[in-house]
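Inspection log for the structure reproduced underneath, given as structure tokens.
The values are calculated or read from the model by the stated rules, or taken from the named source; none is laboratory data. What you are looking at is a predicted structure, and each value in this text was computed from that prediction instead of being measured. FYI the Cβ positions are ideal-geometry reconstructions off the backbone, even for glycines, and counts take in every protein chain you see.
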Amino acid sequence: MATILGIGIATLDIINEVNQYPAEDSEQRALAQRKRTGGNVCNTLSVLRQFEHQCALAAVLTSDADGAFIQEKIAQRGIDLSPSHKIGFGHAPTSYITLNRPNGSRTIVHYRDAPEFDLTAFLAIDLTPFDWLHFEARHCMDTAAMLALARSMSKTQILSLEIEKERPHLEQLFSFPDVIFFSRAFAQNRDFNDPRAFLTAAHHWAPQAVLILAWGAAGAYWLAPSSGRIHAIESQTVDPVVDTLGAGDTLIAGVIHARTSQGATDDWSPAVTFGVRLAEQKIQQIGLDDLNTRAGQAAKTQPLCHLDDLGPADALGVRPLNGIPSVIVVRAHKTLYAYRNICPHNGSPLSKTQRGYLIDKPEGFALRCAVHNAHFDIESGTCTQGPCPGTHLQTVPIRIAGDAVFLAPEVDEPENNPSIAQSS
Ligand code: FRU
């Protein structure tokens, strides 16, 4: 689980679903209408929340009725609004969206009269708790100052930037982020119809950054800054596409989730792949809800680990790419146990490392939380010593197939205890 601050915009999205994109100066009846909160960063955080990350939003929030609606909905998703700047004037930024049902395309007319989230509001935020700051490129002079400030305060925080469309002074932003997400519309607006040619050019603008370019039905491309190599992550065929609104925001959430779950390596392919897969799930459904569940179904087809990853008495921290932040797979007495890597004492991971969970006590092996030294019985997950005696680690259902350990479907039958699997 990571702590993520998103800096950008929250909108009211009024979505009309039609069965044919309207001609100019025509009239038709919408098939359905929905009102929801949107905005790129807000959408990205909403998806990240589903993966149990702690998320906070820094945006301008108005106090009109639509502004109140936005605040209520965002707070209900568990996103911390305290870094946002609340103003007593202006209308909530509003997007009037036409969703074409036959192909899922979304056409957006956006209106705003409220000011952008600015440097002064940013200066009031305590940035120290955050692992990752994700910016939308909006008012670029202010955004550049925010990025520069954040960079000067921390070298370890990941700074990512989304560039969706052309803005004045965009070039001021390029030298700061660790990661830049570009949209296809932006690349094409700069006359690049070849994603590789675009990334090669962008590498000159931001040589330090991992560059990720979404390319619609083709998937995404990413460039490794150390080598300049470009990797293609192909999309799988999705049919039918029902709603593309927020697909790019979902891809970004998927990449951030996967990166924070996997730890840092130079290889961003697994993270970009997860982002692309998650975006594929998104476009098959209306809205952004429950993407973690869909990703969870997909993750059940990927092994958590293999039996030979574990010694006879061993515990391994693994990071499945689904809603579960991290899992500890334990082998003891020829049996496998799996628990969520969340200490019941304060909700933090027992450790963020791969190993170091098992301790050898006179009465046998136990799991140990490195944060406050809580000890847990391997078989029951019960805390036997430390700050939270009697509380339990949460079990994770697993199954063994061949030499691989998988997440299992949740089944309640007692004879099929889902958290325990016999290993030979
Ligand atoms: C989708 C979206 C909508 C919002 C618009 C803002 O990516 O964030 O939710 O209305 O774009 O540009």
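Here are the numbers:
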| read-out | value |
| --- | --- |
| Which numbered condition Asn189 misses (of (1) within 16 Å of the ligand (Cβ to nearest atom); (2) of a type outside the set (Ser, Thr, Tyr); (3) touching a residue at least 60 places away in the same chain (Cβ under 8 Å)) | (3) |
| Count - residues of segment 1-58 that are of a type in the set (S, T, N, Q) and in contact with a Phe, Trp or Tyr (Cβ under 7 Å, 6 or more places away or on another chain) | 1 |
| Residues that are over 22 Å from Val47 (Cβ atoms) and of a type in the set (S, T, N, Q), drawn from segment 61-98 | Thr62, Ser63, Thr98 |
| Residue tally, condition in contact with a strand residue (DSSP E or B) (Cβ under 9 Å, 6 or more places away or on another chain) and within 23 Å of Asp131 (Cβ to Cβ), over segment 278-303 | 4 |
| Within segment 12-46, considering residues that are over 15 Å from Arg77 (Cα atoms) and of a type in the set (Ser, Thr, Tyr), the one surrounded by the most Cβ atoms within 10 Å (Cβ to Cβ) | Tyr21 |
| Segment 220-235, subset of a type in the set (A, V, I, L, M, F, W, C) and surrounded by fewer than 20 Cβ atoms within 10 Å (Cβ to Cβ), residue farthest from the ligand (Cβ to nearest atom) | Ala224 |
| Filter result for Val238 (within 18 Å of the chain's Cα centre (by Cα), farther than 19 Å from Leu407 by Cβ, hydrophobic (A, V, I, L, M, F, W, C) and away from the ligand (no atom under 16 Å from the Cβ)) | no |
| Meets criteria (at pLDDT 90 or above, away from the ligand (no atom under 16 Å from the Cβ) and not acidic (Asp, Glu)) for Gly254 | no |
| Residues located in segment 206-242, provided they are modelled with pLDDT of 95 or more and assigned to a loop (DSSP other than H, G, I, E, B) | Ala206, Pro207, Gln208, Ala209, Trp215, Ala224, Pro225, Ser226, Ser227, Gly228, Arg229 |
| Checking Phe174 against (1) surrounded by fewer than 16 Cβ atoms within 10 Å (Cβ to Cβ); (2) more than 18 Å from Ala271 (Cβ to Cβ); (3) more than 16 Å from the ligand (Cβ to nearest atom), the condition it does not meet | (1) |
| Segment 254-294, residues that are under 13 Å from the mean Cα position of the chain (by Cα), small (Gly, Ala, Ser) and under 20 Å from Gly219 (Cα atoms) | Gly254, Ala258, Ala271, Gly275, Ala279 |
| Residue pairs meeting the criteria (Cβ under 6 Å; at least 6 apart or on separate chains; first in contact (Cβ under 8 Å) with a residue 24 or more places away in the chain and closer than 15 Å to Arg101 by Cβ, in segment 238-249; second in a loop (DSSP other than H, G, I, E, B) and small (Gly, Ala, Ser)) | Val241/Gly104; Val242/Gly104; Asp243/Gly104; Thr244/Gly104 |
| Residue list for segment 123-136, filter: touching a Leu at 6+ places or on another chain (Cβ under 6 Å) and in a loop (DSSP other than H, G, I, E, B) | Phe130 |
| Any hit, segment 297-305, residues being in a loop (DSSP other than H, G, I, E, B) and of a type in the set (S, T, N, Q) | yes |
| Pick from segment 272-303, criterion of a type in the set (Ser, Thr, Tyr) and surrounded by fewer than 16 Cβ atoms within 10 Å (Cβ to Cβ), ranking: modelled with the lowest pLDDT | Thr301 |
| Qualifying strands (runs of 3 or more DSSP E) (wholly inside segment 1-94; at least 3 residues being closer than 26 Å to Ala279 by Cβ and away from the ligand (no atom under 12 Å from the Cβ)) | 3-7, 11-18, 54-58 |
| Segment 95-115 - residue that is more than 24 Å from the chain's Cα centre (by Cα), in a loop (DSSP other than H, G, I, E, B) and within 18 Å of Asp13 (Cβ to Cβ) and, of those, nearest to the ligand (Cβ to nearest atom) | Arg112 |
| Count of residues meeting criterion [surrounded by fewer than 22 Cβ atoms within 10 Å (Cβ to Cβ) and either of a type in the set (A, V, I, L, M) or not assigned by TED's automatic domain parsing to the domain that holds Phe406 (or both)] in segment 337-365 | 3 |
| Those residues of segment 12-32 which are in contact with an Asp or Glu (Cβ under 7 Å, 6 or more places away or on another chain) and closer than 30 Å to Ala59 by Cα, in sequence order | Leu12, Ala32 |
| Those residues of segment 180-202 which are of a type in the set (A, V, I, L, M, F, W, C), surrounded by fewer than 20 Cβ atoms within 10 Å (Cβ to Cβ) and within 20 Å of Gly246 (Cβ to Cβ), in sequence order | Ala185 |
| Long-range neighbours under 8 Å by Cβ, at least six apart or interchain, first residue in the same structural domain as Ala75 (by TED's automatic domain parsing) within segment 26-49, second more than 16 Å from the ligand (Cβ to nearest atom) and of a type in the set (D, E, K, R) | Leu31/Arg101 |
